[in-house]
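The values are calculated or read from the model by the stated rules, or taken from the named source; none is laboratory data. From a predicted model like this one, the values you see are computed outputs, not experimental measurements. Here the Cβ is made from the backbone with ideal geometry for all residues, glycine too, and neighbour counts use every protein chain on show. When the accessible area is computed, the model is the full protein with side chains, heavy atoms only, and any ligands, DNA or RNA have been set aside. Shrake-Rupley method; radii C 1.70, N 1.55, O 1.52, S 1.80 Å.
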Amino acid sequence: MARRKIVAGNWKMNKTPSEAVALVEELKPLVASDDVDVVFCVPAIDIIPVAEAVKGTNIQVGAENMYFEEKGAYTGEISPAMLVDAGVKYVVLGHSERREYFAETDATVNKKVLKAFEHGITPIMCCGETLEQREQGVTMDFIRQQVKIGLQNVTADQAKTMVIAYEPIWAIGTGKTATTEQAQEVCAGIRACIAEVYDEATAEAIRIQYGGSVNAATAPELFAQADIDGGLVGGAALKPDFGKIVNYK
Ligand code: PGA
């Protein structure tokens with residue numbers, strides 16, 4: 001069975017609650033689609049108003065992070081139950097910005113992935129190499145490590161339902177999209193890694209997105225690749241362009 005495409009916007013630290021609602025109202029008619037899953041991953045404080053604003057549409061709400069404990073003395077953190085209660089279906093985990101600025105590691109990403117599954121939230125687990133790693137020829141070694149550690153103790157049945165986002169760090173927010181060949185090559189490599197860790201059926205089911213300066217012009221070719229099942233979109237997710245990316249065909 002063909003994998004259903006999934007296009008997720010990663011709003012990052014943009015939009016106040018009232019701005020978020022205005023953006024949803026603007027994008028709503030543009031992102032309507034019968035054959036692509038559409039997710040708006042928004043700042044925590046925007047989740048409740050956005051969940052309200054998307055009611056009755058095809059848009060699903062995602063979070064940009066989550067803590068791996070149930071509750072308690074973790075000042076400033078957001079628990080999985082809080083996200084579920086607010087209507088969140090997806091959570092971005094291990095984004096390179098969280099790894100770089102907030103000390104996320106493969107091990108903490110793994111704890112969060114497991115916790116998300118426990119609560120029925122679908123993880124969008126991010127991986128991706130630096131420019132230096134690409135130049136040194138260790139891209140795939142590095143990504144295989146991120147993926148394998150991130151998936152420790154995740155069952156095949158769980159892995160089948162999740163999303164992995166391949167985001168080369170040098171392509172994020174730089175306007176420098178990976179070439180279609182580079183993106184497809186790594187996404188195929190990730191799928192092969194999943195087949196090794198689990199089996200072919202799991203590798204065939206898991207959805208792998210490309211992310212990094214995706215825009216309306218680059219999406220059609222990227223999303224047409226055999227192993228690219230959609231995109232994780234930053235900058236262009238805040239603009240009408242996002243509608244064109246969702247409706248890339
Ligand atoms: P970008 O961000 O599309 O602005 O490059 C992608 C991401 O960081 O998820």
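Below is a table of values for the structure above.
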| quantity | calculated |
| --- | --- |
| From Ala22, Ala51, residue being more than 16 Å from the ligand (Cβ to nearest atom), in contact with a Lys or Arg (Cβ under 9 Å, 6 or more places away or on another chain) and either open to solvent by 10 Å² or more (accessible area, probe 1.4 Å) or in a loop (DSSP other than H, G, I, E, B) (or both) | Ala22 |
| Qualifying residue in segment 100-112 (condition: modelled with pLDDT of 95 or more, charged (D, E, K, R) and under 28 Å from Glu52 (Cβ atoms)) | yes |
| Where Lys15 falls short, out of the listed (1) at positive phi; (2) without any contact (Cβ under 8 Å) to a residue 12 or more places away in the chain | (2) |
| Whichever residue in segment 154-198 is touching a Phe, Trp or Tyr at 6+ places or on another chain (Cβ under 8 Å) and open to solvent by 50 Å² or more (accessible area, probe 1.4 Å) and, among such residues, is nearest to the ligand (Cβ to nearest atom) | Lys176 |
| Output for segment 109-148, where each listed residue is at negative phi, assigned to a loop (DSSP other than H, G, I, E, B) and either surrounded by fewer than 21 Cβ atoms within 10 Å (Cβ to Cβ) or in contact (Cβ under 8 Å) with a residue 60 or more places away in the chain (or both) | His119, Thr130, Val138 |
| So Glu104, is it open to solvent by less than 60 Å² (accessible area, probe 1.4 Å) and among the acidic types (Asp, Glu) | yes |
| Qualifying residue in segment 38-48 (condition: out of contact with any Phe, Trp or Tyr (no Cβ under 9 Å at 6 or more places or on another chain), acidic (Asp, Glu) and part of a helix (DSSP H, G or I)) | no |
| Tally, over segment 220-235, of residues that are open to solvent by 10 Å² or more (accessible area, probe 1.4 Å) and within 15 Å of Ile172 (Cα to Cα) | 2 |
| Segment 54-68, residues that are exposed (fewer than 14 other Cβ atoms within 10 Å of the Cβ) and on the phi < 0 side of the Ramachandran plot | Lys55 |
| Any helices (runs of 4 or more DSSP H) falling wholly within segment 170-249 and containing at least 3 residues that are of a type outside the set (Val, Ile, Thr) and free of Cβ contacts under 8 Å to residues at least 12 places away in the same chain | 180-197 |
| Those residues of segment 199-219 which are open to solvent by less than 50 Å² (accessible area, probe 1.4 Å) and either more than 14 Å from the ligand (Cβ to nearest atom) or closer than 18 Å to Met140 by Cβ (or both), in sequence order | Thr202, Ala203, Ala205, Ile206, Arg207, Ile208, Gln209, Tyr210, Gly211, Gly212 |
| Search result, residues across segment 146-178 that are over 18 Å from the mean Cα position of the chain (by Cα) and modelled with pLDDT of 95 or more | Gln152, Asn153, Thr155, Ala156, Asp157 |
| First in segment 84-107 and acidic (Asp, Glu), second anywhere and part of a loop (DSSP other than H, G, I, E, B) and more than 16 Å from the ligand (Cβ to nearest atom), Cβ under 9 Å, 6 or more apart | Asp106/Gln152 |
| Leu151, sole failed condition from (1) free of Cβ contacts under 8 Å to residues at least 24 places away in the same chain; (2) open to solvent by less than 60 Å² (accessible area, probe 1.4 Å) | (1) |
